[in-house]
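As structure tokens, the structure follows; a few thoughts come after it.
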Amino acid sequence: MRTAHRTCPLCDAVCGLRLTLDDTGRVTSVKGDPDDPFSKGFICPKGASLGHLDEDPDRLRVPLVRKQDDEWHEVSWQEAFETVERGLKGVIDRHGRDAVALYLGNPTFHTMGGILYRGALGQALGTRNVYSASTIDQMPKHVACGYLFGDPLAISVPDVDRTDYLLVLGANPVESNGSLCSAPDFPGRLKALRRRGGKLLVVDPRRTRTAAVADEHLPVRPGTDAFLLFGIVHTLLAEDLTTIGLDVAGLDDLRRLADDFTPDVVSRVCGVPAESIARLARELAAAPTAAVYSRIGGCTVEFGTATQWLVDVINILTGNFDRPGGVMFTRTATMDLGRTGEPYTTGRWHSRVRGLPESLGELPVATLADEIETPGEGQVRALVAVAGNPVLSAPGGPRLDRALDDLDFMVCVDPYLNETTRHANVILPPPRILQMPHYDFLLLSVAVRNYTRFSPAILPLEPGQLSEAEIMSRLTLIASGQGTDADPSALTEMMLDQILGGATQAPGSPFEGREVAEVRASLIGDSGPELLLDLFLRLGTHGLSLADLLENPHGIDLGPLTPRLPELLCTESGRVELAPPRLAEEAGRLRERLAAPAPELLLIGRRQLRSNNSWLHNVPTLVGGSNQCTLHVHPDDVARLGLGELAVIRSANGELVVPVEPNDAIMPGVVSLPHGWGHAGTTQRVAAEHPGVNANALTDESVIDVPSGNAVFNGVPVTLAPYEEPALTGSFPVPSTAAV
Ligand SMILES: Nc1nc2c(c(=O)[nH]1)N[C@H]1C(S)=C(S)[C@@H](COP(=O)(O)OP(=O)(O)OC[C@H]3O[C@@H](n4cnc5c(=O)[nH]c(N)nc54)[C@H](O)[C@@H]3O)O[C@H]1N2
Ligand SMILES: Nc1nc2c(c(=O)[nH]1)N[C@H]1C(S)=C(S)[C@@H](COP(=O)(O)OP(=O)(O)OC[C@H]3O[C@@H](n4cnc5c(=O)[nH]c(N)nc54)[C@H](O)[C@@H]3O)O[C@H]1N2
Ligand code: SF4
Ligand SMILES: [Mo]
């Protein structure tokens, strides 16, 4: 028996875990690490199941190649990489580099191999067809911050531990455990907020578990938060309630834009009473400190960018931006990564078929199927997919499911043969979670305290097994034409060399004036990712190194957040831009919608405590109970529509037969279906027993948030009707007669 410590990699909460393992390396228990200064022993059911997930017998252990017989064959790494080289080279030679698309899924932000090498892989492929989970998640936030502050990575977090008033729109941190806001034990932090006399308000079409612990829940019609927020902005300006502590530009333009959006007018669209909207504005202005926070319900909606823009506008107008108790920026232990120092811009190139603008070097996932299906110069013929399951996670998933079949070549880096990877020619499995070192480069940059923690690998790689970093490096070297025999460590050395080249020249850098080779020799780490981590730590402002983190296995608290906006600001004007033209255009589109009739029934999503997107349904301890793929329908709607146990739900894009779960927590006129289900055709045996349906058969890839190209998962117009058993068969086809 031995004890080991590591950070849980499963969500944004970065909880410290304490594991016990027997001498065969089997995990015998997982508990919260009480000595972690940030998570203080907190753990959720997913973290507690980490051992089962890691030891899942259905995880792939060796590379698979689908050969001419259309069967999967276990092959050596060498054969797998040679197949990748032939496949990619064939497509690039015939059709050019843009014919290869890259898709980077959500876990690329949760592994060192993913986050450190995804950029290099993209560059080596040299394609404009780069897609990631960002455009089915938080791209609106990047675009809004890009225009407001000049830096799309200038993402602030609510100072939950110190605020007096927290307004949450479209986030459910009690079940998601927080998102773009790393705060282990979010539920406990919200309770503490109320215990110290603070107020929590939740705007959500559902009375979620977060709403249940709040002072007030305000049901809102899906997709209309931007209207509600404009009503607040209008009130703040009209009643002279602003206290702006920053150097801002565009206040008069903002005033003009907000003019039409009186609480009375927006109330008719969003369904929140006008008095409540005006009161929210007054309370936000009067609170000693306040923070407005919004996530998936305020991003994956038609006006996602406008919503995120107005969230920060309110934080700014009420004097709560970049101050304790308001919203603040984290100062990471590592240097600021990914910042360009240039003012943000989008549209440096456009997607071929729909002409959608690039943002952060990516095109919207909502147009990936178009790019695969539409013939012509630049048509996507191959896909490299890392840690993603877009067949279940992208809008219009079933169309993508069919499109992937038409590709000439596809390679996936993924531990599972699932709904997406089953279309591949080659699957390259990363090692088990406990065999990987772990550091949260992204999540620690949106933490509610400055904090750092590194977890070395707990179990060694087996002979012949490859780390995820090595898989990514070898793919990168193949993509750049260096073949399957190139030394993977050459890529890390090149990256180190490049960064050190800059750091030894940069005035004020800790390495200024030193020799690259000498600094390189001083770096420590057992792997490429660790060497890079050591370098990034030593270039950070907290004066730490990997050695310090190794000496502190429970993590290091680096103190509460402190103001830091001026150094992050990167607009042309050098000021915060309250009403940049691109966002003012959104105000115009919102104005045009003021008179539009509201659809009768709207679909929204639902995250479940023991789930994580599509890939935890193969763990027996996590499926079942409340973790079911059911449609929540308000009892009034159940009665009105005469629904029984099953219903047919239909959108412009598709239809599904779903189990109905009457639930009075959802507002009438809204129904909720979780995503990540619809398991079929995989080797995940437990998931196959709990298949559920693919919510993204209903979402529509042709509808996007315009400025960001982000998918719209919430506020999808649908119809609902009782399901009538087909007369002849007991199977499950959807009879067309079941339509409304
Ligand atoms: N247990 C669990 N945790 C997770 C995940 C998971 O799948 N399961 N996924 C992880 C990932 S990838 C992410 S990005 C985060 C997401 O973290 P959150 O955003 O906190 O999670 P969601 O449950 O999607 O919360 C969105 C909320 O918005 C509401 N909503 C829907 N439409 C609207 C609307 O138009 N307006 C408003 N105001 N509200 C609306 C929904 O009812 C829901 O309560 O969670 C992460 N953590
Ligand atoms: N309808 C609807 N759709 C949604 C959402 C919604 O709210 N509603 N939410 C959206 C959001 S916020 C997100 S983030 C996306 C997620 O979209 P994706 O990232 O495409 O989907 P996931 O289900 O997270 O798939 C993760 C994949 O990574 C693999 N994986 C797990 N661990 C590792 C690892 O260590 N290494 C590698 N290489 N692979 C690994 C898993 O096997 C799985 O195949 O879904 C989006 N889709
Ligand atoms: S809250 Fe997130 S990080 Fe913490 S144990 Fe659960 S899944 Fe892991
Ligand atoms: Mo996400």
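A few remarks follow.
- Contact order, relative form, for region 126-199: 23 percent (alpha carbon pairs under 8 Å, 6 or more residues apart, mean separation divided by residue count).
- Within the chain, helix-based [θ] at 222 nm, where runs of 4 or more DSSP H residues each add -39,500 (n - 2.57), nearest 500: -9000 deg cm²/dmol
- Calculated over region 308-386: convex hull of Cα atoms, volume per residue (Å³): 170 Å³
- Reduced Cα scattering model of region 164-242, Debye log10 I(q)/I(0), q = 0.17, 0.24 Å⁻¹: -0.72, -1.14
- Fraction of beta bridges assigned by DSSP in the chain that are antiparallel (%, nearest 5): 50 percent
- For region 485-595, the spread of Cα positions along each principal axis, largest first, Å: 64, 41, 30
- In this simple spin-label approximation, residue 520 and residue 339 carry label points 7 Å from Cα along the Cα→Cβ vector, and these lie 2.7 nm apart.
- Of the GluC sites (Glu not before Pro) found in region 51-155, the ones in coil according to DSSP and having at most 10 other Cβ atoms within 10 Å of their Cβ are 71.
- Once divided by 2.2 N^0.38 Å, the Cα radius of gyration of region 156-328 becomes 0.94.
- Cα centroid separation, region 437-506 to region 537-573: 20 Å.
- Average Cα contact separation per residue, the chain, under 8 Å, 6 or more apart, as relative contact order %: 19 percent
- Panel note: the C-alpha atoms of the chain, placed on their principal axes, show extents of 75, 67, 57 Å (largest first).
- Region 2-54 gives an Rg/Rh value of 0.95, both radii derived from C-alpha positions and Rh following Kirkwood.
- Sorted by Cβ density within 10 Å, fewest first, the residues 349, 77: 349, 77
- Once the Cα-Cα distance is subtracted from the 0.36 nm per residue extended length, the residue 621 to residue 22 segment shows a gain of 213.6 nm.
- Dmax and Rg, reported as Rg then Dmax, of region 48-97 (C-alpha, Å): 15.6, 49
- Around the amide H of residue 383, modelled in the peptide plane, lie the amide H atoms of 101, 409, 410, 411, all under 5 Å away and 5 or more residues distant in sequence or on another chain.
- Note on residue 598 and residue 246: the extension gain reaches 122.9 nm, defined as 0.36 nm multiplied by sequence separation minus the Cα-Cα distance.
- What the Cβ-Cβ distance of residue 216 and residue 575 gives, at R0 = 22 Å and to the nearest 0.05, is a FRET efficiency of 0.05.
- The alpha-carbon of residue 40 sits under 17 angstrom from the alpha-carbons of these aspartates and glutamates, leaving out residues fewer than 8 places away in its chain: 12, 161, 185, 557.
- Excluding same-chain neighbours fewer than eight residues apart, the lysines reachable from residue 46 by a Cα-Cα span under 25 Å are 31, 191.
- Cross-link reach is defined here as a Cα-Cα straight distance under 16 Å, omitting same-chain residues fewer than 8 places apart; for residue 89 the aspartates and glutamates meeting it are 79, 98, 408, 485.
- For 221, 453, order by how many other beta-carbon atoms lie within 10 Å, fewest first: 221, 453
FYI, it's all coordinate maths here, none of it is from the lab. Because the structure is a prediction, the values reported are computed rather than measured. Cβ: placed from backbone, ideal geometry, glycine included. Neighbour counts: every protein chain shown.
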